């Protein structure tokens, strides 16, 4: 190993660590933005689901509606906390060309809003005796490209930076290994005297 290849490898390793940390911070910020919107999105979806049932709303009364909405807020906060803490759970796109597209970043987050999770948001409405047929069965409602474009793009950009840093680190390691091999196993002169 030469001091130059070792220095190059150390510098590439430091750049990779910085890129990895920046990528993680952008992912945490994205999940924070998604989580922050969960309570309002859940409330809007619940209102959409129950608004055609005005007669039933009148029957159950304000007290039960308030209790239902309180429980919906609890479920939404639980989901928001889970989303916020999921940076290590999300199966972020593998480091390749596609991982730098916001749409692929969004697709990685959608499993956080699986069917059972979304049904937990509908449960308070059902328990109040209301129908939930119009409640979403897709996480796309919670991970909107429009409202999250900047955060999704930031994650995509940081993932691209991470990909480049990983490639540079791999190259530096390969160069260092080649240098070590050359030192440890020098080429012999194969000419016979």
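The values are calculated or read from the model by the stated rules, or taken from the named source; none is laboratory data. Remember, it's a predicted structure, so these values are computed and weren't measured experimentally. Don't worry about glycine lacking a Cβ; one is built from the backbone with ideal geometry, like all the others, and counts go over all protein chains shown.
Observations on the model:
- Within the stretch 59-72, one or more residues are out of contact with any helix residue (DSSP H, G or I) (no Cβ under 6 Å at 6 or more places or on another chain), free of Cβ contacts under 8 Å to residues at least 12 places away in the same chain and either surrounded by 13 or more Cβ atoms within 10 Å (Cβ to Cβ) or on the phi > 0 side of the Ramachandran plot (or both).
- Of the set (1) closer than 30 Å to residue 184 by Cβ; (2) modelled with pLDDT under 90, all apply to residue 16 but (2).
- Selection of the stretch 80-101 for residues being part of a helix (DSSP H, G or I), surrounded by 15 or more Cβ atoms within 10 Å (Cβ to Cβ) and modelled with pLDDT under 95 yields 99, 100.
- Test: residue 161 is surrounded by 13 or more Cβ atoms within 10 Å (Cβ to Cβ) and modelled with pLDDT under 90: no
- Any chance residue 44 is surrounded by 15 or more Cβ atoms within 10 Å (Cβ to Cβ), more than 20 Å from the chain's Cα centre (by Cα), under 15 Å from residue 118 (Cα atoms) and modelled with pLDDT under 90: no
- Apart from one condition, residue 75 fits all of (1) at pLDDT 85 or above; (2) over 15 Å from residue 41 (Cα atoms); (3) in contact with a helix residue (DSSP H, G or I) (Cβ under 7 Å, 6 or more places away or on another chain); the exception is (2).
- Answer residue from the stretch 124-139, given it is modelled with pLDDT of 85 or more and crowded, with 16+ Cβ neighbours inside 10 Å and is nearest to residue 71 (Cα to Cα) among those: 124
- Flag for residue 171 being within 24 Å of the chain's Cα centre (by Cα), farther than 21 Å from residue 76 by Cα, touching a residue at least 12 places away in the same chain (Cβ under 8 Å) and surrounded by 13 or more Cβ atoms within 10 Å (Cβ to Cβ): no
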